[in-house]
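Colleague: Below you will find the structure I want to go over with you.
The values are calculated or read from the model by the stated rules, or taken from the named source; none is laboratory data. Here the structure is a predicted model, which is why all the values come from computation and not from measurement. Here the Cβ is made from the backbone with ideal geometry for all residues, glycine too, and neighbour counts use every protein chain on show.
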Amino acid sequence: MYSYQDYQSNDYYRNTTPNVMNNSQPKLYNLEEGYNKGNLFADLYVGYKNYQPVKLQAKNQQEALFLDLSRYSFAAHELNLYLDLHPEDTTMLALFNDYRNRANQLIMEYENQYGPLTVSSDKLSSSFSWEEDKWPWEGGNS
């Protein structure tokens, strides 16, 4: 069985995750780039061969709002994982709270305009609104 000290002394682990194992401030991508790459932490991103992530483009206002909401939620989740290992990092905690608050605002804005996003939404208290719209295979939501 390995102990915590064994994991800390493992050179491979230390070298492959530079900002997780030392006390320096991690280098972050902006929201768009981090979301597109699937990793907010620039020092931990390793691209696959020559693959270039697709730049997502919204086709309408609803998609733009959902994309913005997705980016903030993703960034908050990434920082949440980082803070599990570094709860003393007050800079990242403040950034996490900013992203989390903005994601919550965007969820409320989206649900007020377009309906519920999840089954735990307060917007479901009166009806299941998706039953009122056409499904994509019926020619809706296109």
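Colleague: Could you say whether any residue in the range 56-69 is surrounded by 11 or more Cβ atoms within 10 Å (Cβ to Cβ) and closer than 21 Å to S24 by Cβ?
Modeller: To start, the set of residues in the range 56-69 that are surrounded by 11 or more Cβ atoms within 10 Å (Cβ to Cβ) comprises 56, 58, 62-69.
Applying the additional criterion that residues be closer than 21 Å to S24 by Cβ yields none.
No, there is no match, as no residue in the range 56-69 is surrounded by 11 or more Cβ atoms within 10 Å (Cβ to Cβ) and closer than 21 Å to S24 by Cβ.
Colleague: Something else: Could you tell me which of the residues L81, L67 is at pLDDT 90 or above and out of contact with any helix residue (DSSP H, G or I) (no Cβ under 9 Å at 6 or more places or on another chain)? Please lay out each step first, then the result.
Modeller: Numbers: L67 fails: out of contact with any helix residue (DSSP H, G or I) (no Cβ under 9 Å at 6 or more places or on another chain).
Going through L81, L67 in turn, just one is at pLDDT 90 or above and out of contact with any helix residue (DSSP H, G or I) (no Cβ under 9 Å at 6 or more places or on another chain): L81.
Colleague: Out of (1) at pLDDT below 95; (2) surrounded by 17 or more Cβ atoms within 10 Å (Cβ to Cβ); (3) among the aromatic types (F, W, Y), what's the single condition that is false for Y51?
Modeller: So the condition that Y51 fails would be (2).
Colleague: Here's something else I'd like to know. So which residues in the range 1-42 are modelled with pLDDT of 90 or more and not in a loop (DSSP other than H, G, I, E, B)?
Modeller: Of everything in the range 1-42, those that are modelled with pLDDT of 90 or more and not in a loop (DSSP other than H, G, I, E, B) turn out to be L28, L31, E32, E33, G34, Y35, N36, K37, F41, A42.
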